[in-house]
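The values are calculated or read from the model by the stated rules, or taken from the named source; none is laboratory data. Since the model is a prediction, treat every value here as computed from it, not as a measurement. Backbone-built Cβ (ideal geometry, glycine too); neighbour counts: all protein chains shown. Quick note on the areas: whole protein, heavy atoms, side chains included, nothing else; ligands and nucleic acids left out. Shrake-Rupley method; radii C 1.70, N 1.55, O 1.52, S 1.80 Å.
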Amino acid sequence: MPIHSKFTFVQVLFLLISSAFFSAHAQSILDTEMSIDADQKPLGTILDLMEQKGNFRFAYYSKLVVKDSAVTIHSKQSTIKDVLDHLLGNKYEYKESKGFIILRYAPLELALVLEKNSVVGEHQVANGYIMDVQTNKRIENASVYEKNALQSTLTDKEGFFELRLKNVPETIELTVAKENYKTITTIFLSEVKIQMGSRKSNSDYVDGDFSAVERTGIGRFFISSKQKIQSLNLGGFISEVPVQASLIPGLSTRGMMNSQLNSSFSLNLLGGYTGGVRGLEMAGLYNINRMNVNALQMAGIFNIVGGTVNGVQLAGIYNNVFGDLNGLQMSGIHNSVKGSQNGLQITGIYNSVQKNSKGMQMASILNTVKGSQNGLQISAIYNAGSETVHGAQITGILNYAKELNGIQFGLINITDSPSGYSFGLLNFKKNGYQKISITSNEISDLNLAVKTGDNKLYTILMAGRSERNNEEKLFSFGVGLGKNIPLGNRFTYNPEISTQYLYLGNWDRYNFLYKFDSPFTFRIFKGVEISAGPSFNIYSSERRDKSIPDNNTSTFVQDRTKRYNVMKDNGKGLTGWVGWSFGLTLF
């Protein structure tokens, strides 16, 4: 740790003794010893072995650590830091966080030159400049911060900075961070009188790339370039504070450090950009969080979270979570989860989950799940499950499931698997039952039926036509269900039930026909079958308006079926008979 300020001998000795004392009581993971022997093994394999031996995990950006590169190492009881130095050279620096070692690509080195350290009123003012050690070039947009006071600034085009600190601890630690540079910390003593009861903030490093929100269209619009640079420099550094408040991003209680804060209560009058929330966050217009939200988040327009949401997220228009959602998400237009969803999504128009969904999706227009779905999807127009659907899809128009292990209810149902059950007018399944039947029966000279589904259950969409004496005509249309039961290589049995409406020249009567067809089918050759069999029919005819005289009663059905009657009209408009059907089935 470079120290660039003047110290008395006693001050330096005090810091060294304190450092040794704390090291003795809390040994870091990097100081743990282990033995590693490997000849020309992939770097990723050796890192995995170190994780197993040391009972910790590495965190790093895969693009910056070449896991496939072959390395050789023979290390006997060396510290993990020494092993990493051997494997990675001096191009990386290491940070620890709750069972993790974070590998940060940092081949370059910085230096902090402190020009002035003075007291102005109640503030400690530190200024100076940052430079590249190798080139002596001044560095622009380096983050300079005091992690205990949670105050920060960026260097200007000439590499200069000025940091005004208030309520600082006795020992000030100025840390400088810049992408691709090793982080440095300079220690000096505060000249401001210290107030009793002051304490350091709880700071740590967390794993992950939390810059995703900054790359969105909303992030580019609402987050300033300085805030983005600050977040890029500080990465996963995060501090815990009880409360934060913002007018807009940048105008807040902690300035640009807000994006590194995890607060218990967050109040954004118009909007805010913070690290995370572990309690309650409210905004008049919008909330933008780099990391996680735990508990309740509310905004008038939108919420965007770069990590995981555990709790409830409410917005008037739009919610977007880049990690997982465990809880409830509600908005007026669109809910989006880039990870997995466990809980409930409700929106006026559109829900989307990029990975797996467990729970319920409800939308007026459409729901989509790119992974597996376990639960219920309900929408007015479209539901989609790109992998396996366990549960139910219910929509007014179209359901799609790559693999269905549940039930679909919709006008049109599509699945790429033979499993599950689909109920709708048209059902398309892999290796399913898709047929067109042309038949004739006792009341309809010509009937056309489209049958879709699978052998265990298919739906029927049908229409028919008949004519008598070139004047009186009958039109029928209806729906039904059927089952395909194989009886041999060429024979099948197809029990079917259906209901049809019969149009007999006017709309003065309700004319309904309920049928149970029992045809046997013989396959002549592939794609062509003939079918024939008996049927049982119940016909109901009733006037729509009983106050109007019934002068237009058609006898078309009665005349066609009287020879087959088994149940005559008993005055209630019901007739029953045993009929027949014969026809041709294609495909």
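Tabulated results
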read-out: Long-range tail of P(r) for the range 324-421 (Cα pairs > 19 Å, %); value: 29 percent
read-out: When the range 96-194 is reduced to its Cα atoms, the Kirkwood hydrodynamic radius in Å; value: 14.1 Å
read-out: C-alpha long axis of helix 43-54 to longest principal axis of the chain, angle in °; value: 80 degrees
read-out: Debye-sum result for the chain in log10 I(q)/I(0), which assumes one identical scatterer on each alpha carbon, at q = 0.06, 0.07, 0.12 Å⁻¹; value: -0.54, -0.64, -1.19
read-out: 10 Å-binned pair-distance histogram of the range 221-374 (Cα, whole percent); value: 13, 44, 31, 12, 0
read-out: Virtual spin-label span in nm between L481 and K568, 7 Å along Cα→Cβ; value: 3.5 nm
read-out: Extension gain (nm, one decimal) between K402 and E33, 0.36 nm per residue minus Cα-Cα; value: 127.9 nm
read-out: Accessible surface of S78 - all protein chains present, 1.4 Å probe, nearest 10 Å²; value: 30 Å²
read-out: Directionally averaged shadow of the range 69-151, computed from the convex hull of its alpha-carbon atoms, nm²; value: 9.0 nm²
read-out: Cβ-placed point charges (K, R +1; D, E -1), dipole of the range 58-177 about Cα centre in debye, nearest 20; value: 420 debye
read-out: Extended-chain gain in nm, criterion 0.36 nm per residue less alpha-carbon gap, R544 and Q40; value: 172.7 nm
read-out: With DNA, RNA and ligands ignored, accessible area of L64 (1.4 Å probe; Å², nearest 10); value: 70 Å²
read-out: Kirkwood hydrodynamic radius of the range 412-454, from inverse mean 1/r over distinct Cα pairs, in Å; value: 11.4 Å
read-out: F160 versus V119: modelled label distance in nm, points set 7 Å from Cα along the beta carbon direction; value: 2.5 nm
read-out: Cβ-based charge dipole, the chain, positive-most Cα from Y503, S259, N90; value: Y503
read-out: V353 long-range amide H proximity, modeled H, under 5 Å; value: V337, T368, V369, K370
read-out: Length gained when the stretch I436-Q52 is fully extended (0.36 nm per residue, less Cα-Cα span); value: 132.1 nm
read-out: Which of I238, V389, L574, positive extreme of dipole for the chain (C-beta unit charges); value: L574
read-out: Residues of the range 239-318: accessible area per residue with a 1.4 Å probe, Å²; value: 31 Å²
read-out: Eligible lysines near K402 by straight Cα distance, threshold 17 Å, same-chain separation 8 or greater; value: K355, K358, K370, K429, K430
read-out: Dipole magnitude of the chain, debye to nearest 20 (Cβ charges: Lys/Arg +1, Asp/Glu -1, about Cα centre); value: 1160 debye
read-out: Of all accessible heavy-atom area on the range 407-544, the percent that carbon and sulfur account for (1.4 Å); value: 64 percent
read-out: Lysine pairs in the range 468-587 with Cα atoms under 25 Å, if 8 or more residues apart or on separate chains; value: 13
read-out: Dipole in debye (nearest 20) - the range 51-113, about Cα centre, beta carbon charges: Lys, Arg +1; Asp, Glu -1; value: 200 debye
read-out: Largest-first ordering by accessible area, 1.4 Å probe, given options F188, F525; value: F525, F188
read-out: Within the chain, longest stretch clear of exposed GluC sites (Glu not before Pro) (DSSP loop, no more than 16 other Cβ within 10 Å); value: 192-470
read-out: Alpha-carbon radius of gyration plus Dmax, which is the widest Cα pair, for the range 443-587 in Å; value: 16.7, 58
read-out: Phi-based couplings in Hz for the range 401-408 (Karplus 6.51, -1.76, 1.60; Gly and Pro marked x); value: 9, 4, 9, 10, 10, x, 9, 10
read-out: Rounded tilt (10° steps) of 225-234 against the dominant C-alpha axis of the chain; value: 70 degrees
read-out: Cα principal axis extents for the range 354-508, largest first, Å; value: 63, 45, 16
